[in-house]
Amino acid sequence: MRIHKTTDYDKFTLLFGNRNVEPANVKGMVRSMNKVDLPIPIIVKRDKDGNLVVIDGQHRLAAAKELGKPIFYIIIDNDIGLSEVRTVNQAQKGWKLYQFLTSFIAEEIMAKNTRGPYHTFKWFREKYDLPYQVCFDLLSKKPMYTRSTTRAFKDGKFSIKNLSQAIREADFIVSLKEYTAVYSSRSFITALLIAMRDDRFNITHFMRQLKRPMCKHMLTERKTTELYMDLINEIFNYRVRDDKKIFFHAYKKTNGAYIK
């Protein structure tokens, strides 16, 4: 297979939906190439218009361009797409969740499906600014002891079960920002979701309790989901008669995952 060499960086285009070029990675590559500039070729393919599309090596290309050094490249004939690129890149350096999100959104755009699950996930996370795993739990509605939603998300198999319910739950979670800084803590939200999905949990009662100065003062940082559940129980049952008290529990399966 022939190795080509050029300083005409503009002849290359990036694969739509591949992870973005990270400035920090480019800086690291620049430092490395300044010390030892090995002629490691990037991998490209020709698209239907004859353009050279970078399959692997976009950070090396950016670093070479910044340094004004020639870039070596190999043209392959394989019809490699986003799925194969994700697999190859994962073996070299794992993708971050937002990079998977960007990539699958690109696939939905190409499929003219701008209302697909990944577009919806992006909208939901930007609206509520909650951690990825919390958004997985809210949108997928899968018990945590089934197949990992994180794995499904990375495999392009993420699905949304009940958007309206997820919005109601997220609205309630974010409304707690007025009372505590721990409202976006994953451990706190896990405990809260377990309690909320118990038919005995009453949001109106819980919010009325939080308006009490003592309960609001209680809602401080804890280290584990179990301790947050103890806190939720304490707030929920504050000044409630013993025969009217309701307690919620954070149960785990044998794999250590919580049941929601």
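The values are calculated or read from the model by the stated rules, or taken from the named source; none is laboratory data. Just so you know, these numbers come straight off a predicted model, no measurement behind them. No Cβ is skipped: glycine too gets one built from the backbone with ideal geometry, and neighbour counts run over all protein chains shown. Surface accessibility is based on the protein's heavy atoms, side chains included, excluding ligands, DNA and RNA. Shrake-Rupley method; radii C 1.70, N 1.55, O 1.52, S 1.80 Å.
The figures follow:
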{"item": "Lone unmet requirement of (1) open to solvent by less than 80 Å² (accessible area, probe 1.4 Å); (2) among the polar types (S, T, N, Q); (3) more than 32 Å from the chain's Cα centre (by Cα) for residue 34", "result": "(1)"}
{"item": "Residue within the range 54-69 that is acidic (Asp, Glu), surrounded by 11 or more Cβ atoms within 10 Å (Cβ to Cβ) and modelled with pLDDT of 85 or more present", "result": "yes"}
{"item": "Where residue 159 falls short, out of the listed (1) over 15 Å from residue 122 (Cα atoms); (2) assigned to a loop (DSSP other than H, G, I, E, B)", "result": "(1)"}
{"item": "Identity of the residue in the range 176-203, over 22 Å from the mean Cα position of the chain (by Cα) and closer than 16 Å to residue 130 by Cα, that ends up surrounded by the fewest Cβ atoms within 10 Å (Cβ to Cβ)", "result": "178"}
{"item": "Among residues of the range 1-26, those that are free of Cβ contacts under 8 Å to residues at least 60 places away in the same chain, surrounded by 14 or more Cβ atoms within 10 Å (Cβ to Cβ) and assigned to a helix (DSSP H, G or I), counted", "result": "2"}
{"item": "Subset of the range 89-114 (residues that are crowded, with 16+ Cβ neighbours inside 10 Å and either modelled with pLDDT under 80 or outside any helix (DSSP H, G or I) (or both))", "result": "89, 95"}
{"item": "Residue ID - nearest to residue 150 (Cα to Cα), chosen from residues in the range 116-136 that are modelled with pLDDT of 90 or more and not in a helix (DSSP H, G or I)", "result": "130"}
{"item": "Residue tally, condition farther than 23 Å from residue 181 by Cβ, among the basic types (Lys, Arg) and touching a residue at least 40 places away in the same chain (Cβ under 8 Å), over the range 210-255", "result": "1"}
{"item": "Selection count where residues are farther than 19 Å from residue 250 by Cβ and either open to solvent by 20 Å² or more (accessible area, probe 1.4 Å) or within 26 Å of the chain's Cα centre (by Cα) (or both), scope the range 209-238", "result": "7"}
{"item": "Hey, residue 206 under 30 Å from residue 18 (Cα atoms) and open to solvent by less than 20 Å² (accessible area, probe 1.4 Å) or not", "result": "no"}
